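I'd like to ask you about the structure that follows.
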Amino acid sequence: MDFGDTRSSQAEWRRVVVTGIGVVSNIGIGRDAFTQALRSGRCVVSDIRGFDTHGYPYAHAAEIHDLGDCQTDYDSLSEHHGRAACLAILAARQALADAAINKGAEAGVVLGTTNGESQLLDSIVRTWMQQGPGNVRHADWQNAPAHRIANAVSRDLGLSGESLVVATACAAGNYAIGHAADVIGAGDADIMLCGGVDAVNRSAYSGFFRLNAVTPDVCRPFDAGRQGILTGEGAAVLVLESLDHARGRGAAILAEILGYGLTCDANHMVAPHADSIARCIRVAHRRAGVKPSDIDLISAHGTGTRTNDTVEVAAIRQVFGAAAPPTVSIKSMIGHTMGAASAMGAIASIIGMQHDFIPPTVNFRAPDSACDIDCVPNHARSARLRVVENHGFAFGGNNGVLILRSGRDIGLAA
Amino acid sequence: MPIAILPISILDVGVASAAGIGLAPFAACLRGADLPVPAPMAARLSAFGQIPPRKAHWLTGFDASAHLGSKGVANLDRTTQLCVLLCRDLLGGLPAHVSDRREEAGVVLGTCGGSLKSIADFIRSTYAGAAPHMVSPMQFPNTVMNSAAAQCAIWNGLRGLNSTVCAGDLSGFAALQYAMRMLRLDHAPLLLAGAVEEYCEFAAFAHETLRPDPDSLQAEGGAIFALSAAPDGAAIGTLLGVRLGLLPAGAEVAGMADAVCRLLRSACVRADDIAWWSTASGQEAEAEALDCVFGTRLVALPCVAERFGHAGGASVALQVAACLALAPAGIGLVTASDAGGQFGCALLRRHTPAVH
């Protein structure tokens with residue numbers, strides 16, 4: 001099987017591989033803990049601590065309460081940065097160390113986010129309302145703009161390349177990974193850090209609550225009784241390199257970015273659109289040089305709302321027909337981490353390919369005929385995964401589909 | 001070998017500024033025509049009800065429904081209204097064989113942080129209402145940073161890639177660089193790319209705090225460019241390259257000079273070919289860096305921020321638009337830097353209209 005046919009016709013395109021991953025999530029900090037959590041189907045839901053929850057009928061989330069060994073680093077970072085930047089820095093440090101790349105490398109940073117430094121924005125508004133705008137801290141105004149997150153990561157790791165935030169809401173992780181791959185593929189950089197980050201915040205929680213989109217108990221993607229999302233938070237960062245650069249330094253290759261596709265529904269701000277998602281999957285397949293039958297697993301957007309899961313499965317059926325591959329949602333475990341979500345999905349996919357298992361869709365009780373798909377319910381499944389398709393969809397109809405290939409299938413020959 | 005940097009055709013530009021909608025009134029003010037007197041914005045105050053005393057150059061006469069009709073316009077925030085309008089006018093002015101490719105055409109907007117008014121008002125409503133979740137479901141989508149780009153797609157039927165990128169005051173460079181790369185890698189045949197920022201209480205206080213100089217006014221507006229990788233005889237300009245990144249702390253001038261040299265090399269342009277220069281931020285360090293690279297002070301175009309005020313995330317887009325109206329023949333360099341150590345530069349050629 002020879003993937004990347006469309007690329008091979010473009011002689012100058014450089015193949016792009018993943019050589020490091022870092023993850024800060026509510027079910028595990030770091031690659032090993034995250035791997036173990038995905039395999040065991042760990043799900044953590046807790047009362048929200050990040051903002052005042054007085055007045056909500058219920059207020060729980062997939063919030064990170066235990067940073068373990070990273071807590072000291074976090075506390076020291078949080079003196080200078082907002083929560084999103086802190087989480088991103090922690091994940092980026094892990095990813096760079098995982099790739100065995102030193103600080104100070106000529107590497108760029110592209111991070112996706114939905115709400116940016118949402119807790120800082122909340123704090124600014126609260127201070128304004130209680131004490132007047134003149135009492136808002138200078139540093140809060142300074143750190144509130146979203147680009148400061150990428151800049152903070154670049155500065156912390158001494159990385160001298162591009163430093164960009166992509167704000168395509170809940171698909172932003174895939175947009176960031178895809179763009180970083182483009183930067184390397186086009187020859188503009190050898191190394192890029194990319195991924196996504198978001199922090200639990202009052203504004204998004206209220207908005208989703210108002211849309212009746214927050215589940216009263218746990219997130220149950222594809223289940224007949226699913227009642228919505230669980231807002232989550234975290235950071236997921238990948239180190240991408242050109243294949244030649246990675247081989248040249250003898251790096252361990254975890255996966256290859258085969259390609260990605262982007263489309264826009266141009267239809268409705270919040271309602272997803274099956275035809276547009278199907279088109280996005282097809283664009284991703286074409287750019288990656290794969291056929292539907294090559295896909296061994298779909299890491300779904302799978303938010304656990306009535307609408308998303310039905311529409312997403314309909315789109316998958318349009319492209320794959322009856323032969324759709326297993327389709328899982330790790331949001332059942334980590335909640336909806338917003339701008340980090342599809343980067344979390346990419347990392348879970350890579351871990352699955354590396355360790356020969358499919359992360360489960362937990363909390364599953366009964367199938368729904370409106371979104372009937374093999375969601376690998378409740379227990380991880382052993383499987384040899386060669387190519388995985390990772391979904392990310394967003395408000396505004398911003399769709400992003402990423403195609404990853406197992407690092408084991410690349411071979412050692414140059 | 002890297003994929004060659006294709007020159008990108010700038011087919012047209014749409015501008016919104018205190019001078020009104022359009023490139024011509026904007027350029028006229030830069031050439032010396034009177035700018036409307038900076039106005040207080042009391043009439044547009046939201047629930048916060050406070051605005052700093054410093055005035056701003058905002059679009060005082062802008063009436064979105066007069067341009068876009070009344071249906072659905074009231075639910076769009078001002079940033080989005082301006083973006084939707086600029087995109088619609090751009091598409092309307094392009095030849096049919098270009099504008100008809102809406103299935104694949106897309107939008108790339110740069111922004112400092114989305115519609116700050118929408119975000120701040122929504123957060124406020126979680127504290128001011130009967131309960132924190134008793135918020136407006138109609139306003140919620142406006143709080144997401146990609147809402148302006150998404151609405152541009154919805155209103156204009158643009159189903160190709162749709163991205164929103166953030167680089168603070170240099171977001172215009174981010175949008176142009178991102179768009180250039182996407183066109184170069186054939187993700188889309190046509191992209192509408194640029195940046196627009198609205199004037200509101202929240203932005204005004206941010207400006208007041210971060211730019212304490214009382215003479216530093218804030219500007220509302222922005223520019224969106226119609227870009228294509230295909231050579232086009234009717235193009236108004238060519239984008240030859242964009243570079244954006246962080247400067248090494250303590251070696252800013254050297255970092256700027258290095259970035260400009262790398263940009264020239266990547267676009268295969270010689271230093272001798274640069275005929276003019278234009279800065280969006282008006283920083284002396286940029287001039288020093290260019291002196292190092294070129295050995296002589298380049299002809300400088302008017303700085304939009306000095307005439308109109310600081311447009312935040314839209315300042316670079318407005319500066320590039322100004323170059324398309326005012327630059328002499330030949331290739332020029334547009335630069336910008338910010339207090340956080342970001343520096344961006346772009347190579348641009350203005351096409352003078354053919355004489356008929």
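Would it be correct to say that A:Ile351 is in a helix (DSSP H, G or I), within 21 Å of A:Val16 (Cα to Cα) and in contact with a Ser or Thr (Cβ under 6 Å, 6 or more places away or on another chain)?
yes
Could you tell me which of the residues B:Ala195, B:Ala206 is at the interface with chain A (Cβ under 10 Å from one of its Cβ atoms) and among the small types (Gly, Ala, Ser)?
That would be B:Ala206, the only listed residue that is at the interface with chain A (Cβ under 10 Å from one of its Cβ atoms) and among the small types (Gly, Ala, Ser).
Mind listing whichever residues of the stretch A:126-148 are facing another protein chain (nearest Cβ under 8 Å), assigned to a helix (DSSP H, G or I) and under 11 Å from A:Ala85 (Cα atoms)?
Correct list: A:His147, A:Arg148.
How many residues are part of a loop (DSSP other than H, G, I, E, B), more than 27 Å from A:Phe209 (Cβ to Cβ), of a type outside the set (A, V, I, L, M, F, W, C) and open to solvent by 20 Å² or more (accessible area, probe 1.4 Å) if we restrict to the stretch A:290-336?
3
Ok, one more. Anything in the stretch A:182-237 that is of a type in the set (A, V, I, L, M, F, W, C), within 20 Å of A:Cys43 (Cα to Cα) and in contact with a His (Cβ under 7 Å, 6 or more places away or on another chain)? List them, or say none.
Once the filter is applied, which keeps residues that are of a type in the set (A, V, I, L, M, F, W, C), within 20 Å of A:Cys43 (Cα to Cα) and in contact with a His (Cβ under 7 Å, 6 or more places away or on another chain), the stretch A:182-237 yields A:Ile229, A:Leu230.
Out of A:Leu87, A:Leu38, A:Leu96, report the one residue that is closer than 30 Å to A:Ala380 by Cβ and in contact with a Pro (Cβ under 6 Å, 6 or more places away or on another chain).
A:Leu38
Also, I was wondering about something else. Of a type in the set (A, V, I, L, M) and part of a helix (DSSP H, G or I), is that true of A:Leu111?
When the stated conditions are applied, A:Leu111 does not pass them.
To keep it simple, each residue is scored yes or no on (1) touching a Lys or Arg at 6+ places or on another chain (Cβ under 9 Å); (2) in a loop (DSSP other than H, G, I, E, B).
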| position | (1), (2) |
| --- | --- |
| A:Ile64 | no, yes |
| A:Asp69 | no, no |
| A:Ser76 | no, no |
| A:Cys86 | no, no |
| A:Ala91 | no, no |
| A:Gln94 | yes, no |
| A:Ala97 | no, no |
| A:Ala100 | yes, yes |
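Scanning for something more than 19 Å from the chain's Cα centre (by Cα), at pLDDT 95 or above and open to solvent by 40 Å² or more (accessible area, probe 1.4 Å), does the stretch A:86-94 turn up at least one residue?
No, the stretch A:86-94 contains no residue that is more than 19 Å from the chain's Cα centre (by Cα), at pLDDT 95 or above and open to solvent by 40 Å² or more (accessible area, probe 1.4 Å).
Turning to a different aspect of this structure: From (1) in contact with a strand residue (DSSP E or B) (Cβ under 7 Å, 6 or more places away or on another chain); (2) open to solvent by less than 20 Å² (accessible area, probe 1.4 Å), pick out the condition that doesn't hold for A:Thr35.
(1)
Could you tell me whether the stretch A:184-191 includes any residue that is at the interface with chain B (Cβ under 9 Å from one of its Cβ atoms) and open to solvent by 10 Å² or more (accessible area, probe 1.4 Å)?
There is at least one residue in the stretch A:184-191 that is at the interface with chain B (Cβ under 9 Å from one of its Cβ atoms) and open to solvent by 10 Å² or more (accessible area, probe 1.4 Å).
Matching residues to (1) closer than 19 Å to B:Glu197 by Cα; (2) touching a residue at least 40 places away in the same chain (Cβ under 8 Å); (3) surrounded by 17 or more Cβ atoms within 10 Å (Cβ to Cβ):
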residue: B:Asp34; (1), (2), (3): no, no, no
residue: B:Pro40; (1), (2), (3): yes, no, no
residue: B:Arg54; (1), (2), (3): yes, yes, yes
residue: B:Phe62; (1), (2), (3): yes, yes, yes
residue: B:Ala66; (1), (2), (3): no, no, no
residue: B:Gly69; (1), (2), (3): no, no, no
residue: B:Gly72; (1), (2), (3): no, no, no
residue: B:Leu76; (1), (2), (3): yes, yes, yes
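Taking the stretch A:149-178 as the search range and keeping residues that are touching a residue at least 60 places away in the same chain (Cβ under 8 Å) and at the interface with another protein chain (Cβ under 7 Å from one of its Cβ atoms), which one is surrounded by the fewest Cβ atoms within 10 Å (Cβ to Cβ)?
A:Ala169
Additional query: What are the residues in the stretch A:51-63 that are open to solvent by 40 Å² or more (accessible area, probe 1.4 Å) and more than 9 Å from chain B (Cβ to nearest Cβ), if any?
Scanning the stretch A:51-63 gives a single hit, A:Tyr58.
Could you give me the residue pairs with C-beta distances under 8 Å whose first residue belongs to the stretch B:262-275 and is more than 18 Å from B:Leu6 (Cα to Cα), whose second residue is at pLDDT below 95 and assigned to a strand (DSSP E or B) wherever it lies, and which are 6+ apart or on separate chains?
B:Ala275/B:Val299
Looking at (1) buried (at least 24 other Cβ atoms within 10 Å of the Cβ); (2) within 30 Å of B:Asp34 (Cα to Cα), find the lone condition where B:Leu326 falls short.
Result: B:Leu326 passes all but (1).
State yes or no: is A:Asn212 facing another protein chain (nearest Cβ under 10 Å), within 22 Å of A:Glu63 (Cβ to Cβ) and out of contact with any Leu (no Cβ under 9 Å at 6 or more places or on another chain)?
Criteria met by A:Asn212.
Looking at the stretch B:133-162, which of its residues are in contact with a Phe, Trp or Tyr (Cβ under 6 Å, 6 or more places away or on another chain) and either more than 28 Å from A:Gly400 (Cα to Cα) or within 7 Å of chain A (Cβ to nearest Cβ) (or both)?
Residues satisfying the conditions are B:His133, B:Pro141, B:Thr143, B:Val144.
Suppose we filter the stretch B:241-263 for residues that are surrounded by fewer than 22 Cβ atoms within 10 Å (Cβ to Cβ) and more than 12 Å from chain A (Cβ to nearest Cβ); how many remain?
6
Next up: Taking the stretch B:192-225 only, how many residues are polar (S, T, N, Q) and crowded, with 24+ Cβ neighbours inside 10 Å?
Count: 1.
Tell me, which residue of the stretch B:112-132 that is over 17 Å from B:Cys200 (Cα atoms) and facing another protein chain (nearest Cβ under 7 Å) is most open to solvent (accessible area, probe 1.4 Å)?
Once the filter is applied, the top-ranked residue is B:Tyr127.
Need the failing condition index for B:Ser125 against (1) at pLDDT 95 or above; (2) in a loop (DSSP other than H, G, I, E, B); (3) more than 28 Å from B:Arg307 (Cα to Cα), just the number.
It is condition (2) that B:Ser125 fails.
Here's another thing I want to ask about it. Of A:Glu106, A:Glu117, which residue is closer than 18 Å to B:Gly168 by Cβ and either of a type in the set (Asp, Glu) or surrounded by fewer than 21 Cβ atoms within 10 Å (Cβ to Cβ) (or both)?
Being closer than 18 Å to B:Gly168 by Cβ and either of a type in the set (Asp, Glu) or surrounded by fewer than 21 Cβ atoms within 10 Å (Cβ to Cβ) (or both) holds for just one of A:Glu106, A:Glu117, which is A:Glu117.
Conditions tested, residue by residue: (1) among the small types (Gly, Ala, Ser); (2) modelled with pLDDT of 95 or more.
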{"site": "B:Phe294", "(1), (2)": "no, yes"}
{"site": "B:Arg297", "(1), (2)": "no, no"}
{"site": "B:Ala311", "(1), (2)": "yes, yes"}
{"site": "B:Gln319", "(1), (2)": "no, yes"}
{"site": "B:Phe343", "(1), (2)": "no, yes"}
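What number of residues in the stretch B:93-111 are closer than 18 Å to B:Gly160 by Cα, small (Gly, Ala, Ser) and either at pLDDT 95 or above or not assigned by TED's automatic domain parsing to the domain that holds B:Gly222 (or both)?
Residues that pass the stated criteria total 3.
How about the stretch B:78-111: which of its residues are surrounded by fewer than 24 Cβ atoms within 10 Å (Cβ to Cβ) and not in a helix (DSSP H, G or I)?
B:Leu94, B:Pro95, B:Asp100, B:Arg101, B:Arg102, B:Glu103, B:Glu104
Which one of these does A:Gly396 not meet: (1) at negative phi; (2) in contact with a helix residue (DSSP H, G or I) (Cβ under 9 Å, 6 or more places away or on another chain)?
Going through the list (1) at negative phi; (2) in contact with a helix residue (DSSP H, G or I) (Cβ under 9 Å, 6 or more places away or on another chain), A:Gly396 breaks only (1).
Here's another thing I want to ask about it. What is the residue count in the stretch B:264-281 for residues that are within 25 Å of A:Val165 (Cβ to Cβ) and open to solvent by 40 Å² or more (accessible area, probe 1.4 Å)?
Count: 1.
The values are calculated or read from the model by the stated rules, or taken from the named source; none is laboratory data. Since the structure is predicted, the reported quantities are computational estimates derived from the model, not experimental observations. Because the Cβ atoms are built from the backbone with ideal geometry, glycine has one as well, and the counts that use them run over all protein chains shown. The accessibility values were calculated without ligands, DNA or RNA, using every heavy atom of the protein model including side chains. Shrake-Rupley method; radii C 1.70, N 1.55, O 1.52, S 1.80 Å.
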